[in-house]
Amino acid sequence: MKVLLIYPEFPDTYWSFKHALSFTGKRSAFPPLGLLTVSAMLPASWEKRLVDMNVKQLTKADIQWADMVFASAMLVQKDSLNSVIGLCKSYGKRVVLGGPYVTTTDVPAADHVFIGEVESTFPEFVQDIQSGDTKRVYQAVQRPSMALSPIPDFKLADLKRYSSMSIQYSRGCPFQCEFCDIIEIYGRVPRTKTNEQMIAELNELFSIGWRGKVFIVDDNFIGNKQNVKQLMPALIEWSQQHNYPFTFITEASVNIADESELLDQMRRAGFNQVFLGIETPVEDSLKEARKGQNTRRNLVDSVKKIQSYGLEVMAGFIVGFDNDPIDIFERQINFIRESAIPLAMVGLLAALPGTQLWHRLDREGRLLKQSSGNNTDASLNFITKMDSNLLLEGYKSILKNIYSSKEYYRRVLDYLERSGKSFNGEESESTSLWKNLIALIKLLFTLGIKDKEREEFWHFMYEIFTKHRKNLGYGLTRAAMGYHFRKLTDQYCR
């Protein structure tokens with residue numbers, strides 16, 4: 001049996017980092033971890049081929065080679081997914097679908113569809129294929145133990161095309177944010193892999209030659225605090241024994257700021273970034289969103305504490321809540337500036353299928369259409385309480401401000417001042433940039449000569465050279481990301 005695993009294309013968004021990755025010749029930030037995990041569950045005798053359309057083209061020869069096509073997608077990839085399905089069906093191929101998009105929306109036209117997590121249903125499908133008696137829909141009755149999840153088939157990915165590798169420790173989140181689809185897909189009781197599973201996956205990445213960033217893709221790394229605290233000593237020991245080949249990135253809830261010992265362990269294990277869902281500085285909007293974990297603290301102080309451990313805070317912000325005041329746009333700008341978060345992702349509130357927000361707005365008769373899955377493209381899928389034109393113009397004013405070179409570079413420098421000597425782990429980025437002379441020249445030429453905001457770039461580089469030379473690599477990578485943000489902002493705000 002020949003299986004072609006296809007990952008549909010993402011549109012160009014803030015999250016793609018496409019214009020930043022182009023400087024180093026990378027095509028995508030992360031490989032499709034779900035498909036790599038599914039690949040590891042296939043019989044060893046089956047032939048497998050991965051086509052990640054974000055790093056290479058899907059060809060006629062790829063499709064003709066296959067007996068079966070597997071695809072997985074998120075909502076934002078739906079247009080590309082539908083094209084893939086149509087193309088593969090035109091060649092008479094059996095198409096198998098799974099992933100978040102299929103789980104939360106209407107089932108696309110495919111031969112077999114997996115709804116929910118596949119660890120408990122996939123073995124049944126393989127047996128059915130071999131017996132010739134298959135079903136169209138395989139739906140997980142309950143959420144499976146993470147112990148059933150195999151080591152992903154990392155070797156299937158073209159490592160040189162990605163800026164980071166991905167692994168998963170847990171699924172689920174204990175909180176109940178109204179707009180979040182994660183708790184609907186994975187539940188509110190976080191399940192984790194064992195320490196042995198995690199170490200085995202790190203050993204596999206190490207053995208195939210990966211060095212650099214590893215994204216622990218959990219939607220809330222500290223969802224199960226008890227287990228993660230048991231993991232950290234093993235992770236520290238592994239990193240030390242292997243001379244820190246990886247720097248770790250993850251996502252967590254803002255209450256991680258309460259965990260001083262855990263933050264110190266993360267620093268010692270090699271973590272250098274954590275993404276937080278801050279959403280808004282407006283307490284009434286946080287309460288509306290049922291994000292109580294963010295209301296019991298000073299959010300700026302929480303960010304500063306995390307940064308003091310050498311962990312750069314990336315963060316998500318949202319405008320468009322019913323309780324947003326008229327000055328929400330200025331308040332978001334001021335918060336982002338004060339908290340010194342360079343990678344601040346600001347989006348419009350979107351009602352995702354299956355979420356509590358979706359159901360509430362449906363009851364209120366306020367839904368307009370399905371979300372595009374991209375909350376930064378200046379589109380709305382429900383009737384907002386604030387005048388929609390005012391909301392959209394205010395949203396664009398945030399983007400224009402926070403991604404302007406002056407504001408963006410200032411936040412990078414402020415973060416470096418704040419983190420000081422405790423800043424952890426961009427050495428690998430610095431080394432790779434200096435070794436890759438072509439990438440460095442391209443970066444300097446694009447940002448220092450061609451870019452209309454080149455003056456701000458050279459002022460930024462002067463500050464880096466004179467005050468933060470040890471973090472030169474960090475400064476260059478953040479400059480590239482700032483360029484990406486500005487390119488997308490120009491497109492969204494036209």
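Identify, please: which residue in the range 283-313 is among the β-branched types (Val, Ile, Thr) and surrounded by fewer than 20 Cβ atoms within 10 Å (Cβ to Cβ) and is, among those, farthest from residue 180 (Cα to Cα)?
300
Select from the range 334-344 the residues that are surrounded by fewer than 20 Cβ atoms within 10 Å (Cβ to Cβ) and either farther than 30 Å from residue 416 by Cα or not acidic (Asp, Glu) (or both) and list them in ascending order. Spell out how you get there, then give the answer.
Keep residues of the range 334-344 that are surrounded by fewer than 20 Cβ atoms within 10 Å (Cβ to Cβ), which gives 334, 337-338.
334, 337 - these are the residues of the range 334-344 that are surrounded by fewer than 20 Cβ atoms within 10 Å (Cβ to Cβ) and either farther than 30 Å from residue 416 by Cα or not acidic (Asp, Glu) (or both).
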Exercise for review: Scan the range 482-494 for residues that are crowded, with 19+ Cβ neighbours inside 10 Å and among the hydrophobic types (A, V, I, L, M, F, W, C) and jot them down.
Suggested key: 485, 488
**Study point:** Filter result for residue 228 (at pLDDT 95 or above and either surrounded by fewer than 21 Cβ atoms within 10 Å (Cβ to Cβ) or in the same structural domain as residue 39 (by TED's automatic domain parsing) (or both))
**Key:** no
Check your understanding: So which of 38, 55, 69 is assigned by TED's automatic domain parsing to the domain that holds residue 115, among the β-branched types (Val, Ile, Thr) and either closer than 13 Å to residue 161 by Cα or in a loop (DSSP other than H, G, I, E, B) (or both)?
Key -> 55
Check your understanding: Out of all the residues in the range 359-368, is one or more at positive phi and surrounded by fewer than 21 Cβ atoms within 10 Å (Cβ to Cβ)?
Key -> yes
Check your understanding: Can you name the helices (runs of 4 or more DSSP H) wholly within the range 259-369 that have at least 2 residues being without any contact (Cβ under 8 Å) to a residue 12 or more places away in the chain, in contact with a strand residue (DSSP E or B) (Cβ under 8 Å, 6 or more places away or on another chain) and of a type in the set (Lys, Arg)?
Key -> none
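Could you grab me the full set of residues in the range 102-120 that are in a helix (DSSP H, G or I) and in contact (Cβ under 8 Å) with a residue 40 or more places away in the chain?
103, 104
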Study note, to complete from the structure: Counting only residues in the range 93-107 that are over 19 Å from residue 63 (Cα atoms) and in contact with a strand residue (DSSP E or B) (Cβ under 7 Å, 6 or more places away or on another chain), the one surrounded by the most Cβ atoms within 10 Å (Cβ to Cβ) is identified as 99
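If I filter the range 42-66 down to residues being surrounded by 17 or more Cβ atoms within 10 Å (Cβ to Cβ), over 23 Å from the mean Cα position of the chain (by Cα) and of a type outside the set (Gly, Ala, Ser), which single residue comes out as nearest to residue 484 (Cα to Cα)?
Checked the range 42-66; the qualifying residue nearest to residue 484 (Cα to Cα) is 58.
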**Study point:** Output for the range 448-494, where each listed residue is more than 29 Å from the chain's Cα centre (by Cα) and of a type in the set (Phe, Trp, Tyr)
**Key:** 458, 462, 465
**Study point:** Yes/no for residue 151 being assigned to a helix (DSSP H, G or I) and either surrounded by fewer than 21 Cβ atoms within 10 Å (Cβ to Cβ) or at negative phi (or both)
**Key:** no
Point to revise | Flag if residue 207 is farther than 20 Å from residue 78 by Cα, among the small types (Gly, Ala, Ser) and in the same structural domain as residue 285 (by TED's automatic domain parsing) | key: yes
Practice item. Could you check, for the range 135-142, whether at least one of its residues is buried (at least 18 other Cβ atoms within 10 Å of the Cβ), over 20 Å from the mean Cα position of the chain (by Cα) and not in a loop (DSSP other than H, G, I, E, B)? Key: yes
Revision key, fill the gap. If we ask which residues in the range 242-281 are of a type in the set (Ser, Thr, Tyr) and over 15 Å from residue 312 (Cα atoms), their number turns out to be 3
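Condition check ((1) touching a helix residue (DSSP H, G or I) at 6+ places or on another chain (Cβ under 9 Å); (2) surrounded by fewer than 22 Cβ atoms within 10 Å (Cβ to Cβ); (3) of a type outside the set (S, T, N, Q)) across all residues:
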{"position": "448", "(1), (2), (3)": "yes, yes, yes"}
{"position": "451", "(1), (2), (3)": "yes, yes, yes"}
{"position": "462", "(1), (2), (3)": "no, yes, yes"}
{"position": "467", "(1), (2), (3)": "yes, yes, yes"}
{"position": "471", "(1), (2), (3)": "yes, yes, no"}
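So, in the range 245-266, how many residues would count as being surrounded by fewer than 17 Cβ atoms within 10 Å (Cβ to Cβ) and either closer than 19 Å to residue 200 by Cα or in contact with a helix residue (DSSP H, G or I) (Cβ under 6 Å, 6 or more places away or on another chain) (or both)?
Result for the range 245-266: 0.
The values are calculated or read from the model by the stated rules, or taken from the named source; none is laboratory data. Not measured: the values here are computed from a predicted model. As a convention, Cβ positions derive from the backbone with ideal geometry for all residues, glycine included, and neighbour counts pool all protein chains shown.
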